[in-house]
Amino acid sequence: MDLNQEFWEDRYKTKKTGWDLGEISTPLKTYIDQLTNKNLKILIPGGGNSYEAEYLHNKGFENVYVVDLSKTALQNIKTRVPSFPTSHLIQEDFFDIDMAFDLIIEQTFFCAITPDLRPAYAVKASEITNTNGKLVGLLFNTLLNQTHPPFGGYKAEYLEYFKPYFEIKIMEEAHNSIKERQGKELFFIMVTKK
């Protein structure tokens, strides 16, 4: 399966987006609600319809960026949130991003890339986070699909990818996941080792 731009564009055009909650996930909303620095430069990789970006924008965070391969997904954000800066909606491959961020928010992108790219994800995330930058989000803590996204996994596997580049502050079962994902998600906070 080639998880390229055409694949993702087709998924958004045909609305085959079963991972899409239609709103921000509770664990990420809770995390964002305690952030006080509205000047943080934030990236949401593979953000799709990115209700997280919408939520942040509506709370006054002005430096929120979404990167996704799908033009349709990015347009969906702009349609829902006309005041969201167009220049912050980047149609590009996450692995090609050449900017630095204070915070990267992970929501279903890690499980959408082929598992052989996971080590590269950890490296790239560390490269594009500023000193003391954070990678925060959710990872599935269960075995999902083998041949197509979403791809699951487990904590021990994830720690192997991230420990060389990040200090793991928290990686534990999310206590406030939506009903369908209860017991299946890990909430994590990592700080880059720079």
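Regarding residue 94, is this residue of a type in the set (Phe, Trp, Tyr), modelled with pLDDT of 95 or more and more than 21 Å from residue 3 (Cβ to Cβ)?
no
In the range 122-141, which residues are surrounded by fewer than 21 Cβ atoms within 10 Å (Cβ to Cβ), farther than 19 Å from residue 26 by Cα, touching a residue at least 24 places away in the same chain (Cβ under 8 Å) and not small (Gly, Ala, Ser)?
Correct list: 123, 124, 128, 130, 131, 132.
Among the residues of the range 154-191 satisfying the criterion of being within 16 Å of the chain's Cα centre (by Cα), in a strand (DSSP E or B) and in contact (Cβ under 8 Å) with a residue 40 or more places away in the chain, which is farthest from residue 127 (Cα to Cα)?
185
Out of all the residues in the range 30-40, is one or more within 19 Å of residue 128 (Cβ to Cβ), crowded, with 18+ Cβ neighbours inside 10 Å and touching an Asp or Glu at 6+ places or on another chain (Cβ under 6 Å)?
Yes: one or more hits.
Exactly one condition in (1) among the hydroxyl-bearing types (Ser, Thr, Tyr); (2) assigned to a loop (DSSP other than H, G, I, E, B); (3) within 19 Å of residue 38 (Cα to Cα) is false for residue 147; which is it?
Here residue 147 clears every test but (3).
Could you please find all residues in the range 96-141 being more than 15 Å from residue 155 (Cα to Cα) and in a loop (DSSP other than H, G, I, E, B)?
97, 98, 99, 100, 108, 109, 112, 113, 114, 128
For the range 59-77, name all the residues that are of a type in the set (Lys, Arg) and under 21 Å from residue 40 (Cα atoms).
59
Can you pull out every residue in the range 88-109 that is more than 14 Å from residue 8 (Cα to Cα) and touching a residue at least 40 places away in the same chain (Cβ under 8 Å)?
97, 99, 100, 101, 102, 103, 104, 105, 106, 107
Buried (at least 17 other Cβ atoms within 10 Å of the Cβ), among the β-branched types (Val, Ile, Thr) and touching a strand residue (DSSP E or B) at 6+ places or on another chain (Cβ under 6 Å): is that true of residue 90 in this structure?
yes
Taking the conditions exactly as written (in contact with a strand residue (DSSP E or B) (Cβ under 7 Å, 6 or more places away or on another chain) and of a type in the set (A, V, I, L, M)), does residue 168 satisfy them or not?
Numbers: in contact with a strand residue (DSSP E or B) (Cβ under 7 Å, 6 or more places away or on another chain): yes; of a type in the set (A, V, I, L, M): yes.
Here the answer is yes, as residue 168 does meet what is asked.
Take residue 72 and tell me if it is closer than 26 Å to residue 11 by Cβ and β-branched (Val, Ile, Thr).
Values: closer than 26 Å to residue 11 by Cβ: yes; β-branched (Val, Ile, Thr): yes.
Here the answer is yes, as residue 72 does meet what is asked.
Filter the range 1-18 down to the residues that are at pLDDT below 85, in a loop (DSSP other than H, G, I, E, B) and surrounded by 15 or more Cβ atoms within 10 Å (Cβ to Cβ) and list them by number.
Answer for the range 1-18, where residues must be at pLDDT below 85, in a loop (DSSP other than H, G, I, E, B) and surrounded by 15 or more Cβ atoms within 10 Å (Cβ to Cβ): just 17.
The values are calculated or read from the model by the stated rules, or taken from the named source; none is laboratory data. Nothing here was measured: the structure is a model prediction, and the numbers come from that model. Cβ: placed from backbone, ideal geometry, glycine included. Neighbour counts: every protein chain shown.
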